[in-house]
1. Given PHE21, ILE120, TYR106, which one lies farthest toward the positive end of the charge dipole of the chain, if we put +1 on the Cβ of every Lys and Arg and -1 on the Cβ of every Asp and Glu?
2. What is the extension gain from GLU77 to ALA52, computed as 0.36 nm multiplied by their sequence separation minus the C-alpha to C-alpha distance, in nm to one decimal?
3. Size of the dipole of the stretch 68-144 about the Cα centre, Lys and Arg at +1 and Asp and Glu at -1 on the beta carbon, nothing else charged, in debye to 20?
4. If you line up the long axis of helix 76-94 against the longest principal axis of the chain, both from Cα atoms, how many degrees apart are they, to the nearest 10?
5. How many nm separate the modelled label positions at ALA33 and SER98, each set 7 Å beyond the Cα in the direction of the Cβ?
6. Please state the charge dipole magnitude for the chain, taken about the Cα centre, from unit charges on C-beta atoms (+1 on K and R, -1 on D and E), reported in debye and rounded to the nearest 20.
7. Arrange the following residues from fewest to most other Cβ atoms within 10 Å of their Cβ: PHE134, PHE110, PHE21.
8. Calculate, in whole percent, how much of the Cα-Cα pair population of the stretch 45-95 lies beyond 16 Å.
Amino acid sequence: MTTINQSNSPLERMRAIASRFNPPRVAVEPSAAAQRDTKKAALEAAVQTAKAAHDAAVTALDDFERAPANHVYDTIEDAEATLHEVMRDVASEDCEGSHNCGASEYRQGFFVVGVEYVAIASVEYNRHDKTFYFVEAFRLRIEPAS
């Protein structure tokens, strides 16, 4: 019986010659730097998406908190006492940090026994060390909504 030597067969010789000129194609793994850059880009995109969602949620919460329908009181006195404190706190927060001065007027709608009113806060600021503002005068008045 004749045995054909596989390494000397014409087919194997042709494959050997071809492999020298056209090496077999192997899936090449991306380099570690390329993998790191891809992962970093994906994480940065996720952070941007999360920031956008956070900003949208903060805006929605602010809109909810400012809606007059979410400020319902039993009496004008209750509304005035609560809104005086809340609006003064907002004015103080707006002037936190260096060179930050809050608005001169703040408005908040509210309801008392089904009637809509507007609380209008007039604010005056002063500076400490010509850098940091603080609330110096705060006046609140209540008017029926137009």
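Read-outs throughout are calculated quantities, based only on the coordinates presented, and are distinct from any laboratory measurement. Quantities reported herein were computed from a predicted structural model and do not represent experimental measurements. Here the Cβ is made from the backbone with ideal geometry for all residues, glycine too, and neighbour counts use every protein chain on show.
1. Working it through, the farthest residue towards the positive pole turns out to be PHE21.
2. 5.0 nm
3. Around 280 debye, computed over the stretch 68-144.
4. For 76-94 against the chain, the angle is about 50 degrees.
5. Taking the two extended label points, one gets 4.0 nm.
6. With Lys and Arg at +1 and Asp and Glu at -1, about 2040 debye.
7. In increasing order of surrounding Cβ atoms, one gets PHE21, PHE134, PHE110.
8. Percent of Cα pairs beyond 16 Å in the stretch 45-95: 59.
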